[in-house]
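First up is the structure itself, then whatever we jot down about it.
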Amino acid sequence: MQFRLEKRAEISRSMLYFTPVAAVLLTMIMGAIIFTILGFNGAVAVREIFLTPLTNSLKWQDLAVKSAPLIIIAVGLSIGFRANVWNIGAEGQYIAGGLAATGVALITHQMSGWWLLPLMGVAGILGGMAWVAVPAFLRVKLNVNEILTTLMLTYVAVQLLNFLVFGPWKSPTSFGQPQTVLFNNDQILPYIIPGTIVQAGAPIAIFIAIFAWVLMSKSIFGFQIRTVGTAPNAARYGGFSANQTIWFSLLIGGGLAGFAGMLEVAGPFNRMVPQFPTNYGFTAIIVAFLGRLHPVGVMVAGIVLAISFVGGEIAQTTIGLPNAAVGLFQALMLFLILAGDILVRYRIKRVGQKSEVSSS
Amino acid sequence: MPDNAPNRLELNGITKQFPGVLANDTVSFNIAPGEIHALLGENGAGKSTLVKMIYGIMKSDAGSMVWDGEPFEVSNPKEARAKGIGMVFQHFSLFEALTVLENIALGMDGSLSLKELETKVVEVMQAYGLTLQPDRMVSSLSVGERQRIEIVRALLLNPKLLIMDEPTSVLTPQEVKQLFTTLRQLASEGCSILYISHKLNEIKELCHNATILRGGKVVGECNPAEETSKSMAEMMIGGSLKEISKGETNIFGDVLLNVGSLSLAKSHDFGTALKDISFEVRQGEIFGVAGVAGNGQNELLAVLSGEALAKGEDDIILHGKSIGHFGPNHRRKVGLCCVPEERNGHAAVSDFSLSDNAILTARHRKNLVKTGMILNGPSVAYADEIIKKFGVMATGSRANAGSLSGGNLQKFIMGREILQVPEVLVVSQPTWGVDAGAAAFIHQALVDMAQAGSAIVVISQDLDELLALCETISVINEGTLSKAMEVKGISIDEVGLLMGGVHGANNVDQANDIDKEVSNAVQA
C-alpha cells in the first residue's frame, strides 16, 4: 500500500487550528522519549517543563514577564511573515532597541520626569527600525535576501553591545563588571500589580496584539500585507507596491522588537548587561508560527513558549535537566509546526497498488 | 520509402491529465522514417506535453507508443536517447562559461575523451554543414550558434527521431534557412523529424505532414503543401473563421484611449518585447487585439493596466490626459480599468472572499475604504451587487473566490470592473476557459458597456469572439501590432495570415501589403 499527498482545493480550516495543538502534544511525547533515552525521567521532564508553570500559581507572574516580549516581537514578525518577508533577525533588532533606550537613559541619567520612559520607548523603536533598515534597503534596492542580512546583523548587534558595556558605557562604580549604571527611578518601568514582578510590559503586549489584530483584519494596510503575501501578481494588479510592503513590514517588525528591547532593559534588567540577549528574538519566530501568524494566536503561543522557558528553569533545579533542554523542546516544536503545515494544503491519500505501475 | 517499412513512431490514444485540465486527449498519429512531421497548435494546445512524454520526461496516463514496430516505453530521457530520440528544446541548457566542446561533453551519456569527442563533433559538423568552433566560449555565441550546439549534441547520438520544439522562435530569417537545409538533409538520410511550431509558413515550406492539436485533441491531419495558411489557421484556432454579420456601424465619440509609439523591453527571458505599438479607441468602440498567445499580449495588458510603466507619460493618453507614468491605482481613479488573462492569483486572490476581491480593485472608485480602514458594509454590498447583476453562482459575498467555477469567477471579475463604469476597459481573454453561457453573458455585458459610452479593448486568441464583438481589430505578432482594420468587410485570410506569423517573418506590418504576402506564402 502506498500513500500520496494530494493538493486540497481549499486550505483546511480545521487543520489550520489542529496542527499547532498537535505539534505541542507531539513535542511533549517526543521530548519525553528523547530525555528517557538520555537517562532522565522523560515523563517528569515534560511535566516540569510544560505543566508545573501552570499548576504552581507562584510561577504565573514569571509567565507574564516572559511572554510579554515574546508576544510583542512575534506580533511584529507575524505581520512580515504574512507578507512573505522573512525577518529572522529580531534578536538583533531587540538588542539595538535595548541599546538605543540605554543610550537615552545614560544621557538623561541626571534628569527626572514622566517623559523619560516614553522617550526611551521611542528610542527603542527607532533603534530596532534602524537595525532592520539595512536589510530592507538591501532587499529593495539590490534584491539581497533579507533572511541572511537580518540574521547576520544580529551578531553585529551582539558585538556592539559587548563593545559598549565593556567600554564606553561601563559603570565607574561596578568594580570592573561589564555593565552600565543602574537606571534612575523614572527610567524603570512601574510595577502594575503590587507585590509581584509584573511590570508594564504585560498589558502593553496585550494592547499591541489587539491593535495588530484590528490593523491586519480591518485596515487596508493589513489587506495589502495579506495580498502581497498570498498573491503577489494580484497585489501588483491591485496597485499595492511590493517594495513599500517590504519596507513597512520590516520596519514594523524591527520597531516592535526594538520596543521589546526597551521594555526589557527598563524592566527586568534596569541596566544594560552582556546577558541582555536572551533569545527572545529567535523564540518569537516559533511564537509567530505557533500562533498561525494571527495576533490572537500569537498571544496564546507567547504564553506556551513562556511556559517552556519558565518550566526549563524549574526542571534545571528540580531534576537537573541541562539548560539546552528548553532549546531542544522549542526547536522540536517549530519543526513539528512547519512539518504539520503540509496537512493544511494537502491531504494524505491512500493509493491502491494497481493504479500506478511504478512511481520510482 | 518502402511501403512495408514500419512507422518510426506510432502514438495510440495518448492521454495526459493535469489537475483541472486534460492536456492530451487520446492523441494518435504516426511518423514514418525520413518524414518531417509538423505538430501544429496554439500555445496550450498540448504540444509540449506530448513531446515530453515521447522523450520520457513525463509519463502518459493512458495510451501506447510503438517504435519501429515494437512497443515502446521510456521512463526517462536517457532511455529515450538510447532508443535514438534526440530533442532540441526551445530554451537551451548551456553553460555560458564553458566552451562549445565542454558543453557537448557534459550532455553526453557515454564516456569519451575530449579528443575523441572533438573528432566526432567535427565530423558531424562537416557532414551537415554546421559551422561552429569547438573551442569558443558559449557566452560569445549568437542564439543561432547556441542552437547549433544543441543540434550537434542531438546528432552525435545518430538519432532516428529528432524533436525540435519551436526551433525558429529565436532565429533570424537567415538562420532559419540554414536550419531547414540541415533538417532536410537529415530527413533524406532517413531520420524522422517531429517539428513543433505554430508558424504556418514554415510548416508549409518544410514539413511533409502535419498533425493539428487544439485543446489537447487531434483536430486535423493534413499535407501542409496542399493546404493554405488560412485553412491550417482555421484548424489551429478552432472552428471555421466565419464571416459574421454586424449591424450598421455605430457613430463613435471622442478618442478615449490613445496609445502612441509604445515600446517595452522584455521583463524576463521568456517575455516578449513590445515594439512601437500605436492604436486608438473611441467612445462606444470595441477594439480587438487578435494574435496567437505569447506574442506580447500579457505585456500589452501589463503596460496598459499600469503594472508595468510606459517609458513616456504621453505613450498612453486617456481622454486627453497623459497616464503612461501612472500606477494601477492612479489609472483606475482617472478611469482606466483592466482585467488580466489569469483569473487565479492575478485578477483575483483565490484564498480571499468575494468581498475582499471586490476591495482589491474597486476600493477607490466605489469608496470601499475610508481613512485607511476597510468599510465592511459597502464592500459586502458591492460584492452582492456584482453577484446579483452578473448572475454569479456563489454562496454569497463571503465565499472564497477559489470555490467558484472558472466561468462564475470570470463573471464576478468582469462585473467588478464593469460596474465601476470606467471610461476605458481593457480585458484579456474575457472568455478563456469559460462555459458558453457565461461567455455569452460576458460578451453582452461588454457590448452594453460600449453602447453606454465606454471604450473597450479586448485582447483575445479567439478570433470568432473578436469578430463578433469588435468594430475594429488589429493583430499582435512578436510584440508588434498591425494596423487597425475595420471588422466590417474584413478578409479572414488577412487576419489568419497575420496571426500565423507571416508578417513577422517578412517584417512587414502593413495590412495593405497582405495580398503580396499571400502570394509569397503560396509560392513558398
Checklist line | Computed accessible area, B:ASP61, all protein chains, 1.4 angstrom probe, square angstrom | finding: 90
Check: For the protein assembly as shown, taking Cα atoms only, what is the radius of gyration to one decimal and the Dmax to the nearest whole Å?
Finding: 33.3, 106
Next item on the list: Towards the positive end of the charge dipole of chain A, with charges on Cβ (+1 Lys, Arg; -1 Asp, Glu), say which of A:LEU161, A:MET216, A:GLN187 has the farthest Cα.
Entry: A:MET216
Checklist line | Projected label distance in nm at A:TYR346 and B:SER405, using a 7 Å step from Cα toward the beta-carbon | finding: 3.0
Note to self: Over the Cα atoms, compute the radius of gyration (one decimal) and Dmax (the largest Cα-Cα distance, rounded to a whole number) for segment A:98-147, in Å.
What the structure shows: 14.9, 45
Notebook entry, point to check: If the label point is 7 Å along Cα→Cβ of B:THR395, which residues in segment B:373-388 have backbone nitrogen under 17 Å from it?
Noted result: B:384
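State, to one decimal in nm², a quarter of the convex hull surface area for the C-alpha atoms of segment B:289-334, i.e. the direction-averaged projected area. Spell out each step's value before the answer.
Details: hull surface 13.6 nm².
Projected over every direction and averaged, the Cα hull of segment B:289-334 covers 3.4 nm².
Count, for each residue of B:329-337, the Cβ atoms from other chains sitting within 10 Å of its Cβ, then give me the mean as a whole number.
Details: counts 4, 1, 1, 2, 1, 0, 0, 0, 0.
Mean shielding count: 1.
Wrap a convex hull around the Cα atoms of segment A:166-232, take a quarter of its surface area, and give that in square nanometres.
For segment A:166-232, the mean projected area of the Cα convex hull comes to 9.0 nm².
Ignoring ligands, DNA and RNA, how do B:ARG214, A:ARG139 rank by accessible area with a 1.4 Å probe, largest first?
Working: B:ARG214 85, A:ARG139 60 Å².
Largest accessible area first, the residues go B:ARG214, A:ARG139.
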Check: What full-extension length gain, to one decimal in nm, is calculated for A:ASN184 and A:SER112 as 0.36 nm per residue of separation minus the Cα-Cα distance?
Finding: 25.1 nm
Margin query: Given bins 5 angstrom wide, list per bin the percent of all Cα-Cα distances in segment B:24-65, short to long.
Written below: 5, 19, 30, 28, 16, 3
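Determine the calculated [θ] at 222 nm for chain B from helices alone, applying -39500 (n - 2.57) to every DSSP H run no shorter than 4 residues and normalising by the residue count; nearest 500 deg cm²/dmol.
Calculated mean residue ellipticity at 222 nm is -10000 deg cm²/dmol.
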Margin query: Give the lysines reachable from B:LYS16 as a straight Cα distance under 23 Å; neighbours fewer than 8 places away on the same chain don't count.
Written below: A:LYS7, A:LYS349, A:LYS354, B:LYS47, B:LYS52, B:LYS59, B:LYS78, B:LYS83, B:LYS217
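Magnitude of the Cβ-charge dipole of the protein assembly as shown, K/R +1 and D/E -1, about the Cα centre, nearest 20 debye? Each step should come with its number before you reach the end.
Details: 66 positive and 74 negative charges, 690 e Å.
The dipole of the protein assembly as shown has a size of about 3320 debye.
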Check: Per residue of chain A, what 222 nm ellipticity follows from adding -39500 (n - 2.57) for every DSSP H run with n ≥ 4, rounded to the nearest 500?
Finding: -22000 deg cm²/dmol
Next item on the list: Quick one: P(r) of segment B:9-237 from all Cα-Cα pairs, 10 Å bins, percents rounded to integers, in order of increasing distance.
Entry: 8, 33, 36, 19, 4, 0
Notebook entry, point to check: Which of the trypsin sites (Lys or Arg not before Pro) found in segment B:372-446 are in a DSSP loop and have at most 16 neighbouring Cβ atoms, other than their own, within 10 Å?
Noted result: B:ARG398
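For Cα pairs less than 8 Å apart in space and 6+ apart in sequence, what is the mean separation divided by the residue count of chain A, i.e. the relative contact order in percent?
Values: 611 pairs, mean separation 129.4, N = 360.
Taking the mean separation of contacting Cα pairs over the length of chain A, I get 36 percent.
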Margin query: Helix A:201-218 against the longest principal axis of chain A: what's the angle in degrees, Cα atoms only, rounded to the nearest 10?
Written below: 50
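Using a 1.4 angstrom probe on the protein heavy atoms only, line up B:ARG282, A:ARG350, B:ARG8 by accessible area, largest first. List each step's numbers first, then the result.
Numbers: B:ARG282 80, A:ARG350 160, B:ARG8 25 Å².
Output order, biggest surface exposure first: A:ARG350, B:ARG282, B:ARG8.
Can you bin segment A:101-233 into rounded, prolate or oblate? Criterion: square roots of the alpha carbon gyration tensor eigenvalues sorted a ≥ b ≥ c, rounded for a/c under 1.5, prolate for a/b above b/c, oblate for the rest. Don't skip to the end; give the middle numbers.
Working: a/c = 2.79, a/b = 1.40, b/c = 1.99.
In terms of gyration-tensor shape, oblate.
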Note to self: If you fit an axis through the alpha-carbon atoms of helix B:143-155 and take the longest principal axis of the Cα set of chain B, what angle between them do you get, 0 to 90°, nearest 10?
What the structure shows: 50
Next item on the list: Taking all protein chains together and a probe of 1.4 Å, list B:LEU375, A:LEU119, B:LEU155 from the most accessible to the least accessible.
Entry: A:LEU119, B:LEU375, B:LEU155
Item checked: Extreme residue, positive dipole direction of segment B:255-490, given options B:VAL255, B:THR480, B:PHE287 (C-beta unit charges) -> B:VAL255
Next item on the list: Search the structure for amide H atoms under 5 Å from the amide H of B:VAL426, placed 1.01 Å from N in the peptide plane, and list their residues when 5 or more places away or on another chain.
Entry: B:CYS337, B:CYS338, B:VAL339, B:VAL457
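Once R0 is set to 45 Å, what does the formula 1/(1 + (r/R0)^6) return for the Cβ-Cβ distance between B:PHE18 and A:ASN56, expressed as a FRET efficiency to the nearest 0.05? It would help to have the intermediate numbers written out before the result.
On the way: r = 57 Å, r/R0 = 1.27.
Given R0 = 45 Å and the Cβ-Cβ separation, E is 0.20.
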Notebook entry, point to check: aspartates and glutamates near B:LYS411 by alpha-carbon distance under 17 Å, same-chain residues fewer than 8 away left out - which ones?
Noted result: B:GLU341, B:GLU342, B:ASP356, B:ASP384, B:GLU385, B:ASP435, B:ASP448, B:GLU465
Next item on the list: Mind giving me the nanometre distance, one decimal, between the label points for A:GLN2 and A:ASN243, set 7 Å out from Cα along Cα→Cβ?
Entry: 4.8
Note to self: As a test of understanding, state the convex hull volume per residue of segment B:253-374 from its alpha carbons, in Å³.
What the structure shows: 133
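Restricting to Cα atoms and excluding each atom paired with itself, what does the Kirkwood estimate give for segment A:2-351 in Å?
Values: mean 1/r = 0.0472 Å⁻¹.
It works out to 21.2 Å.
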Notebook entry, point to check: Given segment B:255-490 reduced to its alpha-carbon atoms as identical point scatterers, what log10 I(q)/I(0) does the Debye formula return at q = 0.07 Å⁻¹?
Noted result: -0.21
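Which loop-located GluC sites (Glu not before Pro) does segment A:1-98 contain, where loop means any DSSP state but H, G, I, E or B and the Cβ has at most 15 other Cβ atoms within 10 Å?
Values: sites: A:GLU6, A:GLU10, A:GLU48, A:GLU91; in loops: A:GLU10.
Listed in order of number, the matching sites are A:GLU10.
When the convex hull of the C-alpha atoms of chain B is computed, what volume per residue in Å³ does it have?
Values: hull volume 85.7 nm³, N = 524.
Value for chain B: 164 Å³ per residue.
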Next item on the list: Keeping all protein chains in position, work out how much accessible area B:TYR382 exposes to a 1.4 Å probe, and write it in Å² to the nearest 10.
Entry: 10
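When Cβ neighbours within 10 Å are restricted to other protein chains, what is their mean count per residue of peptide B:345-353? Working shown, then result.
On the way: counts 7, 8, 5, 4, 9, 6, 6, 6, 0.
Mean shielding count: 6.
Over chain B, what is the percentage of antiparallel beta bridges among all DSSP beta bridges, to the nearest 5?
Values: 39 of 75 bridges.
Once the DSSP bridges in chain B are tallied, antiparallel ones form about 50 percent.
Which whole-number percent is the relative contact order of segment B:359-404 (Cα, under 8 Å, 6+ apart)? The partial results should precede the final answer.
On the way: 22 pairs, mean separation 9.8, N = 46.
About 21 percent, as a whole number.
The values are calculated or read from the model by the stated rules, or taken from the named source; none is laboratory data. Keep in mind that what you see is a predicted model, and the values were worked out from it rather than measured. All Cβ positions, glycine included, derive from the backbone under ideal geometry; neighbour counts span all protein chains shown. Protein only, heavy atoms only, side chains kept; ligands, DNA and RNA dropped before computing areas. Shrake-Rupley method; radii C 1.70, N 1.55, O 1.52, S 1.80 Å.
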